[in-house]
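Following: one structure in structure tokens, then a few remarks.
The values are calculated or read from the model by the stated rules, or taken from the named source; none is laboratory data. Keep in mind that this is a model prediction, so the values were computed, not measured. Neighbour counts run over all protein chains shown; Cβ positions are idealised from the backbone, glycine included. Surface areas here come from the heavy atoms of the whole protein model, side chains and all, with no ligands, DNA or RNA. Shrake-Rupley method; radii C 1.70, N 1.55, O 1.52, S 1.80 Å.
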Amino acid sequence: MYLAFFSLISIAFCAFSMIIYSQYQKSQNLNDYMRYEYENIRQTKNILMDVVDMETGVRGYVLSGDGRYLAPFQRAADRLPDEIRALRQATYYESNAFAETNNLLDRVDSLQKLLESQMNYMRAHGRGQISMNALDIQKTQMNELRSLIEANIEHRLYRLEERRTLVAPHKTNFFYIVIIGTILGIGIFLAGTIIIIKLEAENEAIEARNARSEMRFRAVMNGINDGVYEINFVNETMYMSREFKAMIGFGEGELGDSVRDLIERIHPDDVETYMQVRHDYIIKKTPIYNNVFRLKHKDGTWRWVMSRGIGTWDKFGQIRTMIGTHTDITEQKNREEELRQLNADMEAFTYITSHDMRSPLVNLKGFSHELGLAVKDVNSLLEPQSKKLGTETWTRLETILKQDIPEALGFIGNAVDRMDTLTTAILDLSRIGKFTYRDELVDAQVVFDKCMGAQSYEISTKGVEVKASGLPRLITDPVALEQIFSNLLDNAVKYLRPDEPGHIEITCLETSRDYIFSIRDNGRGIDAEDAERVFNIFRRARNTGDVRGLGLGMAFVKATLRKLNGAIWFESKLNVGTTFHFSLPKRHPLAASNDQTGKERAA
């Protein structure tokens, strides 16, 4: 802004200076012309005066014979050559004036020769020998010369007068230009002063904001205890902030500034991974630098560090520097390990419990079957003795053996089957964390069409209209996505209202970070009071009692999405319909393949 302002002032000053100079040059040219004309008039008048002196002297000498009259002639004759030469030089570059001057000087030269011839004749023959006719010729030439010189002088005076009339406008213009220029200069100066004051105020405000931002940044950095670093790849040096060094137990001046000093403190098992992740970022194979490794503390222990940064490359594609932060995540890693152990213990407990529960169920089911067979045998044995037992007694026994006991055994069998289904579902749910994810490029439309094909019979039987539009290609686990689609589509079909034609629509909204899928139906909807029950295991909404199900599908979907770093939520209105939304993160193919190592797939 300062540069623009001073450039504007400089341009205005230069323009004003050029205008002033132009006016000055015009005035100077006018003055030079007037001096030139006055000098020509003076020279012309001097020549005229010399010629008059010469003519008067010769006339007096001719009439009186007194030689003293020749003194003015001689003085004028001595001056005349220099004056003629000066006039010629002055008018040399003025073509018209130069021609007039030559004509004038020719007349002067002719008159001068006439006077000299009369004077010489007088000297040779004496007084009274020159005729009056000769004197008349002399007088005539003198008058013609005088008239010519006076006309020349008059012409020059006229031109001077013309030029003099131009002087006043020039002076006026010059005066106005000076006044206007002064006003503009003062205005520009005042405007510049105001702008400078405003800019200074803005700069002070910016500096104050920057100072506050820096204070906040320092407060945040100190609060979160992150260390700042900058790597110079040109000379392999590294700046490490005080917090960075304190993170691994060092003070100022206790740790070298070479990148090699840092690498030497990385855990041997992490060096290869650290170098590979850094290399992939340097060659722009991965867009984000996020490196996790262990650094050796001064006390000999290992600290887990998460390094994040951003690099700068030159025009040749070579990395120059990278600046970022180091975060101590040792506590987080310890908690993750504890949580992982707890999850493993919980999964083992769930598996063992579910597995052990199936043994008594098998026995219960087997003994129920044996009991049923025994009842049939008892019935066969007692039937021949029905007459002996009496009609009333036999009727009672027959009801017990053929109706009550089989019905009770049927209830036991159904309960056993349901319990077996529940324990199997619990086992399946516990296995979600035991499968490795295999992320790959997946066409969501193809996966959804596959799910529709698996449920085509129920969809066509109920006359359900299903629409899918704008489904993307994304990086995710295809089996997990199929299970998510399958459960949500199954729910949408199952809970449609029988009195309303079914409509199901799936769409996808792509954001900068996620893919958000939405499955919308016009089914029976979910009451707000049941919102918290939807994703809980074995819990179902109260208006779904007439529909088959165990209350595991949505819990399964939620667990699967959690493993995929996604989320699920819904919007619903009773007797209007429900829209389930779930999100899956955008993943880079290379980053996805690296991050999925060691992760688990939903079954």
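Structure values in brief
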{"read-out": "Fraction of accessible area attributable to carbon and sulfur, the stretch 24-108 (%, probe 1.4 Å)", "value": "52 percent"}
{"read-out": "Ranking by accessible area, most exposed first, for 394, 304 with a 1.4 Å probe", "value": "304, 394"}
{"read-out": "Cα-derived Rg to Rh of the stretch 226-330, Kirkwood definition", "value": "0.95"}
{"read-out": "Dipole-positive endmost among 441, 572, 512 within the stretch 436-585 (Cβ charges, Cα centre)", "value": "572"}
{"read-out": "For the stretch 514-527, 3J(HN,Hα) per residue [Karplus equation, 6.51 cos²θ - 1.76 cosθ + 1.60, θ = phi - 60°, Hz, x = Gly/Pro]", "value": "9, 10, 10, 8, 10, 10, 10, 10, 10, x, 6, x, 10, 5"}
{"read-out": "Note, ³J(HN,Hα) from phi for the stretch 10-17, Karplus 6.51, -1.76, 1.60, rounded to Hz, x at Gly and Pro", "value": "5, 5, 5, 5, 5, 5, 5, 5"}
{"read-out": "Positive-end residue, the stretch 226-330 charge dipole about Cα centroid, Cβ charges, pick of 330, 233, 268", "value": "233"}
{"read-out": "Added length on full extension, which subtracts the Cα-Cα distance from 0.36 nm per residue, residue 579 to residue 182", "value": "135.5 nm"}
{"read-out": "Charge sum, other residues only, whose C-beta stays under 11 Å from residue 234's C-beta, Lys/Arg counted +1 and Asp/Glu -1", "value": "-1"}
{"read-out": "FRET efficiency for residue 117 and residue 35, using Cβ-Cβ distance with R0 set to 41 Å, rounded to 0.05", "value": "0.60"}
{"read-out": "Amide H partners (placed H, <5 Å) of residue 442, local residues excluded", "value": "474, 475, 476"}
{"read-out": "Theoretical gain in end-to-end length, residue 371 to residue 272 [0.36 nm per residue, Cα-Cα removed]", "value": "29.0 nm"}
{"read-out": "Stretchable slack from residue 586 to residue 11, in nm (0.36 nm times residue separation minus alpha-carbon distance)", "value": "201.5 nm"}
{"read-out": "Gap separating the Cα centres of the stretch 227-293 and the stretch 33-57, nearest whole Å", "value": "99 Å"}
{"read-out": "Accessible surface, per residue, of the stretch 226-330 when the full set of protein chains is kept, probe 1.4 Å, Å²", "value": "54 Å²"}
{"read-out": "Of all accessible heavy-atom area on the stretch 436-585, the percent that carbon and sulfur account for (1.4 Å)", "value": "50 percent"}
{"read-out": "Rounded FRET efficiency, nearest 0.05, which uses the C-beta distance separating residue 497 from residue 469 and R0 of 22 Å", "value": "0.40"}
{"read-out": "Residue 529 versus residue 399: modelled label distance in nm, points set 7 Å from Cα along the beta carbon direction", "value": "4.0 nm"}
{"read-out": "Within-13-Å neighbourhood charge of residue 578 [Cβ basis; K, R +1; D, E -1]", "value": "0"}
{"read-out": "Relative contact order %, the stretch 230-276, counting alpha carbon pairs below 8 Å whose residues are six or more apart", "value": "30 percent"}
{"read-out": "Residue-normalised accessible area of the stretch 431-503, expressed per residue, 1.4 Å probe, Å²", "value": "49 Å²"}
{"read-out": "Those chymotrypsin sites (Phe, Trp or Tyr not before Pro) in the stretch 29-119 that DSSP places in a loop and that have at most 13 other beta carbons within 10 Å", "value": "92, 93"}
{"read-out": "Cubic angstrom per residue, convex hull over Cα atoms of the stretch 436-585", "value": "108 Å³"}
{"read-out": "Relative contact order [Cα under 8 Å, 6+ residues apart], the stretch 436-585, whole percent", "value": "22 percent"}
{"read-out": "Accessible surface of the stretch 226-330 [probe 1.4 Å, protein heavy atoms]: carbon and sulfur percent", "value": "51 percent"}
{"read-out": "Charge tally in the Cβ shell below 10 Å around residue 520, where Lys, Arg are +1 and Asp, Glu are -1, residue 520 excluded", "value": "-2"}
